[in-house]
Amino acid sequence: MNFGFTEEQELLRAEVRKFLDQNCPLEEVRKLCETPEGFSRSLWERMAELGWVGLTISEEGGGVGLGWVDLVVVLEEVGRSLFPSPLLSTVLAAKAVDLNGTEAQKSRWLPGLADGSRIGAVAITGDEGRLDAAGIALEGRPDGDDFTLDGEKLLVMDAQNADILVVAFRTGSGEEDLSLAVVERSAKGLNIEPHRTMDLTRRMGRLHFDGVRVSADALLGSAGSAWAAIEHLQDCAAAAVCAEMVGAAEGALKLTTDFANQRVQFGQLIGRFQGVKHPLAEMFIDIESFKSLCYYAAWLLDECSPEAPLAVSRAKAYASESFARIGVDSVQLHGAVGYTWEYDIQLYLKRAKWARPAFGDAEHHYQRVAKLRGF
């Protein structure tokens, strides 16, 4: 059995890599980090024209209709460059609508997400990033067939730039009495605040709901029965973050290897010292290991396999643990200069700090693996 990428997928990788190398090297990434929006609208429009934004959106919704394995190819290269864009959040919002929406809802929201004219975001996790059903505290008070939202959502990726927000909220007293709905940025009573984090290439925000009305035709699925959809969306998000982590970890390894082959100490290139060679070799082994787990998880998501949640948690647990260590070791192998703003390696350390808890840290996913295995 061939577990490699197809010729078309390798061509897609080459095109993404060429686009990013030409249009957004790390020098440009630094400039975009300092802008109010945190990304380039012109580059975003070009990505949408190339079909990358709508890659996993169904053809009926205006997308390309490809799968998660194809998306992994794009996200790896995006992660390698630390390319600032709302790609990940928009893909997740579109997936929520594509999987759970009615035909009318898909026609209403998917075309704008696919062509990049509207940016999406997901606010599905609970307080402080909790991933369990009990952690979702935002309440939706029944108002006829509609609901009124009061509360807040923390740590929402790309919230400040989003036009469409997929929001999870509580609609009953039971632990899993949860609903999903689309809330548009223009909704009365919705206030969005930026939340500055260590990683300036990844924008986060807070959502404040003050009597925000959610109509019945904005609900994705039936009220009070969305927990399975939320769990699946969290798995998709964790797998997507893993793909970015693969590329970012490889980017950090390349920067560090190049530095080791240029830096001279005691009359020798430091890359010749065992104290440098061995950590670099360990980084490579770790990356190859969680890369394989990531690919397998993406394939199972495409196949709608019941084993997908287990595979996703294995991948995210290993990646969260390894990438955090790779970020620290890469900076240390640069010596004291690795911590300075002038050197790019500190950008990768900061991405590792963001990615580690995103949609579940190593501890959460190791515990979930044990639970899914019946321990």
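A short reminder: the numbers here are calculations on the coordinates, not readings from a lab. These figures come from a predicted structure and were not determined experimentally. When we count neighbours, we look across all protein chains shown, and the Cβ atoms used for this are built from the backbone with ideal geometry, even at glycine.
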Under the Kirkwood approximation applied to all pairs of distinct alpha-carbon atoms, what is the hydrodynamic radius of the range 190-339 in Å? 18.5
FRET efficiency, Arg41 to Arg108 (Cβ-Cβ, R0 25 Å, nearest 0.05): 0.60
Cα centroids of the range 306-375 and the range 158-196: how far apart, whole angstrom? 27
So which chymotrypsin sites (Phe, Trp or Tyr not before Pro) in the range 211-304 are both in a DSSP loop and have at most 16 other Cβ atoms within 10 Å of their Cβ? Phe266, Phe273
Inter-label distance for Glu27 and Leu11, nm, one decimal - labels placed 7 Å from Cα along Cα-to-Cβ: 3.2
The range 200-224 to the range 89-144: how many Å between their Cα centroids? 7
Which percent of Cα pairs goes in each bin when the distances of the range 120-225 are cut into 10 angstrom slices starting at zero? 16, 52, 27, 5, 0
Here FRET efficiency (C-beta to C-beta, Cys304 to Glu175, R₀ 30 Å, nearest 0.05) is 0.75
Using only Cα atoms, figure out Rg for the range 196-272 and give it as a multiple of 2.2 N^0.38 Å. 1.98
Cross-link candidates for Lys106: which lysines have Cα within less than 28 Å, leaving aside residues fewer than 8 places away along the same chain? Lys95, Lys153, Lys188
Scale the Cα Rg of the range 7-114 by the rule-of-thumb value 2.2 N^0.38 Å and send over the ratio, two decimals. 1.09
Contour excess over end-to-end distance, with Cα ends at Asp217 and Lys353 and 0.36 nm allotted per residue: 45.1 nm
Starting from 0.36 nm per residue, how many nanometres of slack lie between Thr340 and Ser292 once their C-alpha separation is accounted for? 14.0 nm
Would you work out which of Gly120, Leu200, Leu333 lies farthest towards the positive end of the dipole of the chain? Charges go on Cβ: Lys and Arg +1, Asp and Glu -1. Leu333
Multiplying the sequence separation of Gln274 and Asn191 by 0.36 nm and subtracting their Cα-Cα distance, what value in nm do you get? 24.5 nm
Considering all projection directions equally, how large on average is the shadow of the alpha-carbon convex hull of the range 36-87, in square nanometres? 3.7
Acute angle (nearest 10 degrees) that the helix 227-260 long axis makes with the longest principal axis of the chain, alpha-carbon atoms: 20
